[in-house]
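Q: Structure below; questions to follow.
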């Protein structure tokens with residue numbers, strides 16, 4: 001089984017509740033599930049193109065029949081990076097994602113990562129009955145760190161990074177998406193930080209038998 005560990009936080013690990021939680025869970029996976037092949041992508045230390053004018057123009061040209069090698073060099077580079085992200089995603093059996101929630105949404109690099117996955121005729125297709133996801137058999141474990149508490153109503157209405165991530169993966173055909181919150185980080189005194197991380201870590205560990213089955 002191949003697990004893709006995706007992180008989207010420019011902070012150093014020691015300054016991030018989410019990354020510290022993710023690292024603890026990942027250590028548990030490597031110890032208890034040595035058969036799992038873990039690959040990692042740090043979106044803030046990787047080439048993750050945004051959908052910009054170059055990308056949109058390149059997509060239009062490719063759909064019109066232009067050869068990839070005839071695209072401008074900058075467009076070739078960006079499309080190649082996006083394709084590499086897509087292929088890495090498609091090759092994985094499980095996705096373990098860690099990101100903070102900023103202003104109710106995900107970091108821009110995570111949005112750009114998601115945009116590399118939603119590709120017509122690769123991960124979904126259009127039919128007369130509507131779009132159909134083409135990705136099957138994968139599962140997602142999503143750890144979200146937030147300064148406030150957004151796992152329950154009424155604040156959960158603002159947790160757009162959770163609902164957006166779930167919606168995208170459901171759209172692609174992945175129905176098994178489990179979210180663990182490391183929440184209230186801005187409300188927790190320094191002496192309570194480790195307990196917050198330990199609690200979220202245990203929640204994620206409790207999910208692993210089902211996630212990795």
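Q: Taking the chain as the reference, fit the longest principal axis to its C-alpha atoms, fit the long axis of helix 160-172 to the helix C-alpha atoms, and give the angle between the two in degrees, 0 to 90, nearest 10.
A: In the chain, helix 160-172 runs at an angle near 50 degrees to the longest axis.
Q: What does DSSP give for the chain in terms of the percent of beta bridges that are antiparallel, rounded to the nearest 5?
A: The antiparallel fraction comes to roughly 15 percent.
Q: Follow-up. Compare 20, 122, 109 in a GNM of the chain, Cα atoms joined below 10 Å, and give the one with the largest fluctuation.
A: Of the options given, 122 has the highest mean-square fluctuation.
Q: Compute the Cα gyration tensor for region 122-213, then decide on rounded, prolate or oblate, letting a ≥ b ≥ c be the square roots of its eigenvalues: rounded whenever a/c is under 1.5, prolate when a/b is larger than b/c in the other cases, and oblate in all that remain.
A: Oblate shape, in that a/c is at least 1.5 and b/c is the bigger or equal ratio.
Q: Moving on. Sort 158, 126 so that the residue with the fewest other Cβ atoms within 10 Å of its own Cβ comes first and the one with the most comes last.
A: The most exposed by this proxy come first: 126, 158.
Q: Relative contact order for the chain: what is it in percent, counting Cα pairs under 8 Å that are at least 6 residues apart?
A: Answer for the chain is 24 percent.
Q: For the chain, modelled as a GNM with alpha-carbon contacts under 10 angstrom, which of 184, 137, 60 fluctuates the most?
A: It is 60.
Q: I've got another one for you. Would you mind telling me which residue in 187, 82, 101 has the biggest mean-square fluctuation in a Gaussian network model of the chain, where springs connect alpha carbons within a distance under 10 angstrom?
A: Of 187, 82, 101, the most mobile in the Gaussian network model is 187.
Q: Stokes-Einstein at 20 °C, 1.002 mPa s, Kirkwood radius from Cα pairs: D for region 2-211 in µm² s⁻¹?
A: 118
Q: Another one. For the chain, take the longest principal axis of its alpha carbons; what is the angle in degrees between that and the long axis of helix 193-211, to the nearest 10 within 0 to 90?
A: The two axes meet at around 60 degrees.
Bear in mind these aren't lab numbers, they're just calculated from the coordinates by the rules spelled out. Note that the structure is predicted; figures quoted are calculated from it, not measured. Cβ atoms come from the backbone with ideal geometry, glycine included; neighbour counts cover every protein chain shown.
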